[in-house]
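The values are calculated or read from the model by the stated rules, or taken from the named source; none is laboratory data. For clarity, every value in this text was computed on a predicted model and none was experimentally measured. Neighbour counts run over all protein chains shown; Cβ positions are idealised from the backbone, glycine included. What goes into the accessible areas is simple: the full protein's heavy atoms, side chains included, and nothing from ligands, DNA or RNA. Shrake-Rupley method; radii C 1.70, N 1.55, O 1.52, S 1.80 Å.
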Amino acid sequence: MSSQNPQSPSIDPREVAHFESLAHRWWDEQGPFWPLHRLNSFRADYVRQQACAALGRPAGGELPFAGLKVLDIGCGGGILSESVARLGARVQGIDIAEKNIHVSRLHAEWSELDIDYRLTTVEELSASRAQFDLVLNMEVVEHVERLPEFLGHCARLVRPGGVMVVATINRTLVAWLTAIIGAEWVLRWLPKGTHHYRKLVKPKEVITGLGPQFRVLDRTGVRVNPFDRSFHYTPYMGVNYMMVFERA
């Protein structure tokens, strides 16, 4: 494993620098990543319900993911990785920012969770022919360059019959107004520059990038209540959305 941030065509160095500058704040629930902490229980529940349904497992009980190999792409400080590990999964979290991996490892140790965090790229991991039962691609695709190539490598990390969950922001005028102008410039819920309109991703681009071997199992929009900062499902996918895919 390299001691420096890995390189690949899908990596935007400006994105890496942005998140590395905030790495020490990942687990501060009142800091710049508070939206992820608020969102985490919501999206973790969605992942649990959808993955169990797709993989033929009961969603109840304490360890519904027992025995599953799960990959968390762009794990950041490990917020989602830890939630999934608590469901019984064997979790591997990868990130391209060295400081994020350092923070995630320290917090997992403090939480007494056995999570395999690695400083690597999806390109390097797919070249190793590693495959997983469940791949989490959450709030990542809107930060990469060369999206089709990136998604192609992500696709190869899902075993046949396995599942991928994608969460991102649609490239629409409404998303620009709410997720960028509203959340970053007006409400200041996120640091300015967290998202760039040209990198936002339409659902059809995710579907095309993953390829014909993937079929959509579920899709839903996600809305946030600006008054109590709670998250809810919505049929409208014009801003935030999540999609579940199964590999043939």
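Odds and ends about this structure:
- Put simply, the convex hull of the Cα atoms in the range 160-248 casts, on average, a shadow of 6.2 nm².
- Under the Debye formula (equal points on every Cα, no solvent term), log10 I(q)/I(0) of the range 100-171 at q = 0.25, 0.26 Å⁻¹: -1.22, -1.24
- Cut-off 15 Å between beta-carbons: net charge of the residues surrounding W176, Lys and Arg +1, Asp and Glu -1: +3
- Viscosity 1.306 mPa s, 10 °C: Kirkwood-radius Stokes-Einstein D of the range 123-164 over Cα pairs, µm²/s: 149 µm²/s
- Note, ³J(HN,Hα) from phi for the range 49-64, Karplus 6.51, -1.76, 1.60, rounded to Hz, x at Gly and Pro: 5, 6, 5, 5, 4, 6, 9, x, 10, x, 7, x, x, 7, 10, x
- Share, in percent, of DSSP beta bridges within the chain that are antiparallel, nearest 5: 55 percent
- The range 161-206, accessible area per residue, ligands and nucleic acids excluded (1.4 Å, Å²): 45 Å²
- P(r) tail, the range 29-74: Cα-Cα pairs separated by more than 13 Å, 64% of all pairs.
- Listed by chain and number, the lysines placed with their C-alpha closer than 26 angstrom to that of K99 are K69, K192, K199; residues fewer than eight positions away on the same chain are left out.
- Packing rank of 208-218, 87-97, where each peptide gets the mean count of other beta carbons within 10 Å, highest leading: 87-97, 208-218
- Computed on the chain, with alpha-carbon pairs under 8 angstrom and 6+ residues apart, the relative contact order is 19 percent.
- For the peptides 223-236, 180-193, 140-153, residues were scored by their other Cβ atoms within 10 Å and the scores averaged per peptide; the highest-first order is 140-153, 180-193, 223-236.
- Surface composition of the chain: carbon plus sulfur atoms contribute 54% of the solvent-accessible area (1.4 Å probe, protein chains only, all chains present).
- Equivalent ellipsoid semi-axes, the range 55-113, via Cα gyration tensor eigenvalues times 5, rooted, Å: 23, 12, 7
- Y236/E109 FRET efficiency (R0 41 Å; Cβ-Cβ; nearest 0.05): 0.50
- Amide H contacts of N240: N170, V222, each under 5 Å away and 5 or more positions distant or on a separate chain (H built 1.01 Å from N in the peptide plane; Pro and chain starts excluded).
- FRET efficiency, 1/(1 + (r/R0)^6) with R0 22 Å, evaluated for T208 and R86 via beta carbons: 0.05
- With the gyration tensor restricted to C-alpha atoms of the range 23-130, the semi-axes of the equivalent ellipsoid amount to 22, 18, 12 Å, longest first.
- Measuring spread by the Cα atoms of the range 52-201 yields a radius of gyration and Dmax of 16.3, 44 Å.
- Considering the range 137-183, its Cα convex hull presents a mean projected area of 3.9 nm².
- Annotation: average projected area of the range 151-205 is 4.8 square nanometres, based on the convex hull of Cα atoms across all directions.
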